[in-house]
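Read-outs: derived from the displayed coordinates by stated rules, not from any lab. Because the structure is predicted, anything quoted here is derived from the model rather than measured. Virtual Cβ from ideal backbone geometry, glycine too; neighbours counted across all protein chains shown.
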């Protein structure tokens, strides 16, 4: 089993739709979780951290389910500019812990 | 005033050559990283340096040697390049204080697209 797994997609949804995708992780000792966004041929950029209690940033909602070992990202009222690859990131407790990126989920918003 | 910069942006070279990629960050961060993103877009950490000291060294061939002359720079030297080394190499930096173990946002450079012929 991969340490961090994501559905590669692509998710192809119409503008204005709500879309959600998950990321599962195998190490129960993982402590920090994040979603990054990567546009085509660009560098990844932090979208949001994922807190235990769940958190929301505008149209984006991230949640953590420790029992089932997954994090999720929900995008409401999707925009054309949301088209990108979304990378899940998982890290352990210490500063020397591995930082593991998922392989990403491709999202394409159509007009 | 780019936060994390890498040079060169594109690198095309023959198998067997030795090449270097440079990275500089002006964010005052204490930790820098090298990642490799292959053709399947899988981003994998190679090295991490904290205050010029190696703290993460994933399983990469010893043909890859990082060098950190100071906190703001982390260069990657690759010897005897192979076809499989073709990928995009990203440098990143973050502030990870010694007392805190939480992961802070990583800022990535624009990437260096390496093609080995």
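Within the range B:17-117, the percentage of alpha carbon pairs spaced more than 21 angstrom apart rounds to 29%.
Mean sequence separation of contacting Cα pairs (under 8 Å, at least six apart), scaled by the length of chain B, corresponds to a relative contact order of 36 percent.
Springs join every pair of Cα atoms under 10 Å in this Gaussian network model of chain B, and among B:55, B:45, B:78 the largest mean-square fluctuation is at B:55. Over the range A:3-92, one equal point on each Cα, no solvent: what is log10 I(q)/I(0) by the Debye formula at q = 0.10, 0.15, 0.18, 0.22 Å⁻¹? Log-scaled intensity ratios, in q order: -0.24, -0.54, -0.78, -1.14.
Taking every residue in B:37-46 and counting other chain Cβ atoms within 10 Å of its Cβ, the average works out to 5. The coefficient of translational diffusion for the protein assembly as shown, derived via Stokes-Einstein from the alpha carbon Kirkwood radius under 20 °C and 1.002 mPa s, stands at 117 µm²/s. Most simply put, the protein assembly as shown has about 90% antiparallel DSSP beta bridges, counting only bridges with both residues inside it.
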